[in-house]
Amino acid sequence: MNIIKTFGTTVSSLSEKHPVAARNVLKAGWMLQDARFRFFPDRRLNTSDAYLSTLMMDTMRAPLRHPEETAMVSIFTPCEIMQEAGLIPYSVEGMSCYISASEAEAPMIEKTSEYGLPETLCSYHRVFAGTALKGILPAPKLIAYTNVACDANMLTFKALAEYYDVPSFFIEVPAYYSKAAVSMVADELRELADLICRATGKKTDEEALKKRVARSKRTLELFARSRRMRADKFISTDIVSPLYLGLTNNLLLGTKEGEKYVNMLLADIRKAPEKKGKHIYWMHTLPFWSDSLKKSLLFSERAQIVGDELADVADADFDSDHPFEAMAQRLINNATNGNITRRIELGIKHAKETGADGVVWFNHWGCKHTIGGSNLAKKMFEEAGIPLLVLDGDGCDHSHGGEGQTATRLEAFLELLEQEG
């Protein structure tokens, strides 16, 4: 019996008429999975990635257990302000990954069509919105979102703010850096802090916020060091940890747990053996459910994913003594904000730092920015001396399939990298 499939079927069937029961089944199943991660970790994982799996499981369970203490956010919304107010970030992309991993995403996607959300909308947003609209996901204290890096945010969060009837705040981020842009976004973040204060009764302590943003800076600096250190190392890995890390470096940036993970990662890299096989750098999200991907890259000595763009979108070039300006600068300079050329150039830089032999550019369904930039990305990466494979697929919705194409093209790409030495 396939336990996960049975679990997903149970959640799906209950979601039709008994959404609270479906939520309770999710909570119970995820609690058991959390216990398995803690007490029976996959021995193939490094210590840091084993810790990361429990950290992300806790992060996804928290909104179901304590909804009155949550803020629903888009992935790149600065979360340090919320953390200072005791609010738990409630992530669209993260929650959708876990619904999908529970094989319960299909009826959630169907629900969004009834509500009028377009079929071309990113599947992460459709899964999350559908799960919310079915009544499975509890109402947050408030909603905060930005236009970085997905236009789906404009539809999803507006619809959910109306559905839940909770305060919401949109952070408008200019496409290009300037002092005026930083000032504008910093003022928006101060307005968000005021909204959080009204919703929670907790006024932002700017001195405490400075310390939290300083922790964010240290975490990003350490993570940048880890990229460079792993270039000539072999680290056996799964295909879920890169996604976990993308969420950690955004949702949990500023927390003690996020900083602890990066220090553990550095310790694992220091004691790792010399490089084996090929290093693959991944651009955009990962179809973690793909059997073809698992066959080629899961704990493989032949090739390993050594980095994911979503974990590398922000740098530490900001002054934590001015926390609102620091968070604003981080948003504006996000790799996915603005011109596609800038995103590609940063991808090339990070791929080189990890010692990447090749890059996969994943055209996730519904992501216009990624799909539209794929041809230019291939040209620019290859001009920089890094072979690039463009893969089409879906990071969240199992029904989009394409497994045969993924297997054939990925295998051919790995053979090409091996031939090139």
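The values are calculated or read from the model by the stated rules, or taken from the named source; none is laboratory data. Given the structure is predicted, the values throughout are model-derived calculations rather than measurements. Every residue, glycine among them, receives a Cβ derived from its backbone with ideal geometry; neighbour counts consider all protein chains shown.
Here L121 meets the list (1) at pLDDT 85 or above; (2) closer than 15 Å to H400 by Cα; (3) aliphatic (A, V, I, L, M) almost entirely, failing just condition (1). Contact map, segment 278-289: first residue in contact (Cβ under 8 Å) with a residue 24 or more places away in the chain, second residue among the aromatic types (F, W, Y) and in a loop (DSSP other than H, G, I, E, B), Cβ cut-off under 9 Å, separation 6 or more or different chains; the map is empty.
Yes/no matrix, rows are residues, columns are (1) crowded, with 21+ Cβ neighbours inside 10 Å; (2) assigned to a helix (DSSP H, G or I); (3) out of contact with any helix residue (DSSP H, G or I) (no Cβ under 9 Å at 6 or more places or on another chain); (4) of a type in the set (S, T, N, Q):
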{"site": "D321", "(1), (2), (3), (4)": "no, no, no, no"}
{"site": "F324", "(1), (2), (3), (4)": "yes, yes, no, no"}
{"site": "N337", "(1), (2), (3), (4)": "yes, no, no, yes"}
{"site": "G347", "(1), (2), (3), (4)": "yes, yes, no, no"}
{"site": "T370", "(1), (2), (3), (4)": "yes, yes, no, yes"}
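The residue of segment 146-167 that is farthest from A21 (Cα to Cα), among those that are crowded, with 19+ Cβ neighbours inside 10 Å, touching a residue at least 24 places away in the same chain (Cβ under 8 Å) and in contact with a strand residue (DSSP E or B) (Cβ under 6 Å, 6 or more places away or on another chain), is T146.
Here is a yes/no grid of residues against (1) touching a strand residue (DSSP E or B) at 6+ places or on another chain (Cβ under 9 Å); (2) surrounded by 15 or more Cβ atoms within 10 Å (Cβ to Cβ); (3) basic (K, R); (4) not in a helix (DSSP H, G or I):
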position: G8; (1), (2), (3), (4): no, yes, no, no
position: S12; (1), (2), (3), (4): no, yes, no, no
position: S15; (1), (2), (3), (4): no, yes, no, no
position: V20; (1), (2), (3), (4): no, no, no, no
position: R38; (1), (2), (3), (4): no, no, yes, no
position: P41; (1), (2), (3), (4): no, yes, no, yes
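Which of the residues belonging to segment 233-252 are at pLDDT 95 or above and either surrounded by fewer than 19 Cβ atoms within 10 Å (Cβ to Cβ) or within 16 Å of D308 (Cα to Cα) (or both)? Of everything in segment 233-252, just one residue is at pLDDT 95 or above and either surrounded by fewer than 19 Cβ atoms within 10 Å (Cβ to Cβ) or within 16 Å of D308 (Cα to Cα) (or both), namely F234.
Hey, does segment 358-367 have a residue that's under 22 Å from the mean Cα position of the chain (by Cα), aliphatic (A, V, I, L, M), part of a loop (DSSP other than H, G, I, E, B) and more than 29 Å from V182 (Cα to Cα)? No, every residue in segment 358-367 fails to be under 22 Å from the mean Cα position of the chain (by Cα), aliphatic (A, V, I, L, M), part of a loop (DSSP other than H, G, I, E, B) and more than 29 Å from V182 (Cα to Cα).
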